[in-house]
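A.B. asks: Take this structure, written in structure tokens, and hold onto it; I'll ask about it next.
The values are calculated or read from the model by the stated rules, or taken from the named source; none is laboratory data. Fair warning: this is a prediction, and the values are worked out from it, not measured in the lab. Glycine gets a Cβ as well: all are built from the backbone with ideal geometry, and neighbour counts include every protein chain shown.
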Amino acid sequence: MTKKYLTDAHTTNKREFVENLYNHWATSYDKEITENNYATPNRVALILKNLISDKKTKILDYGCGTGLSGEALFKAGFKNVDGADPSEKMLQEARKKKIYASIVKLNLDTPTPIESGDYSIITAVGVMGPGAAPLELFDDIMSLLGPGGLFIFSFNDAALRVPKYLTKLNRYLRTNSAKLLFKEYGPHLPGIHLKAMVYVIKKNDF
């Protein structure tokens, strides 16, 4: 019987446990997540399709995991998408899908190999929250965007219940470092009755 990891993923914030969990989860991740009707990747892809007319725009799918979000972007017509993730086991699954132009293995202990301004759009679908990537990642991603770059991300219900997540976002909006272009609350993992807010923010020029 295949071990289920979804509950564990929403009950820890310890980095070592999170990294270990996703490496062990990799081969059964798609099955378990799709069984719970993972909706956010398709929501993000539809939002981008409505916002961006140039399907050749260079996009980074940060925290791409096995490539479910990249797959949704690919099906929406975006073919110039790179994936990045710290879990090698997850990336092995993503490579099988052949949907990314290139894949970057992230090392959380060293600076990212990605240069600021390399991408016009960065997505982080289901990436930041309890049991996932730390909130500090928000600043890291914003630093990778050039002026006018778009950051599309989601906070699920578990993240929205923790004040620091919205505090982080609102700090960027209050200081005029970014502008909120769009937000939408909707299904995330209906199988476990979890919803998420999807945000699109634009990094302002200075």
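A.B. asks: Taking Leu21, is it in a helix (DSSP H, G or I), touching a helix residue (DSSP H, G or I) at 6+ places or on another chain (Cβ under 7 Å) and at pLDDT 95 or above?
C.D. replies: no
A.B. asks: Then there is this: Which residue pairs have Cβ atoms closer than 8 Å, lie 6 or more positions apart in sequence or on different chains, and pair a first residue in the range 90-110 that is surrounded by 11 or more Cβ atoms within 10 Å (Cβ to Cβ) with a second residue that is basic (Lys, Arg)?
C.D. replies: Leu91/Lys105; Ala101/Lys79; Ile103/Arg95; Leu108/Arg15
A.B. asks: Here's another thing I want to ask about it. All but one of (1) closer than 19 Å to Asn37 by Cβ; (2) in contact with a Lys or Arg (Cβ under 8 Å, 6 or more places away or on another chain) hold for Ala178; state the number of the condition that does not hold.
C.D. replies: Every listed condition holds for Ala178 apart from (1).
A.B. asks: For Tyr119, state whether it is among the hydroxyl-bearing types (Ser, Thr, Tyr), out of contact with any His (no Cβ under 7 Å at 6 or more places or on another chain) and either in contact (Cβ under 8 Å) with a residue 40 or more places away in the chain or more than 25 Å from Leu194 (Cβ to Cβ) (or both).
C.D. replies: Yes; evaluated as a whole, the condition is true for this residue.
A.B. asks: Any residue at all in the range 159-168 that's on the phi > 0 side of the Ramachandran plot and either under 17 Å from the mean Cα position of the chain (by Cα) or of a type outside the set (Ser, Thr, Tyr) (or both)?
C.D. replies: no
A.B. asks: Go through the range 187-206 and give me each residue that's loosely packed, with under 13 Cβ neighbours inside 10 Å and in contact with a helix residue (DSSP H, G or I) (Cβ under 7 Å, 6 or more places away or on another chain).
C.D. replies: Ile192
A.B. asks: For the range 42-62, which residues satisfy the criterion of being in contact (Cβ under 8 Å) with a residue 60 or more places away in the chain and not in a loop (DSSP other than H, G, I, E, B)?
C.D. replies: Across the range 42-62, the qualifying residues are Arg43, Val44, Ile47, Leu48, Leu51, Ile59, Leu60, Asp61, Tyr62.
A.B. asks: If I ask for residues that are buried (at least 19 other Cβ atoms within 10 Å of the Cβ), in contact with a strand residue (DSSP E or B) (Cβ under 7 Å, 6 or more places away or on another chain) and of a type in the set (Val, Ile, Thr), which ones from the range 52-89 would you list?
C.D. replies: The answer is Ile59, Val81.
A.B. asks: Filter the range 147-168 down to residues that are without any contact (Cβ under 8 Å) to a residue 40 or more places away in the chain, hydrophobic (A, V, I, L, M, F, W, C) and surrounded by fewer than 20 Cβ atoms within 10 Å (Cβ to Cβ), then give me how many there are.
C.D. replies: 3
A.B. asks: Could you say which residue among Glu93, Glu71, Glu88, Glu35 is within 15 Å of the chain's Cα centre (by Cα), more than 24 Å from Pro147 (Cα to Cα) and not hydroxyl-bearing (Ser, Thr, Tyr)?
C.D. replies: One residue alone meets the criteria, Glu71.
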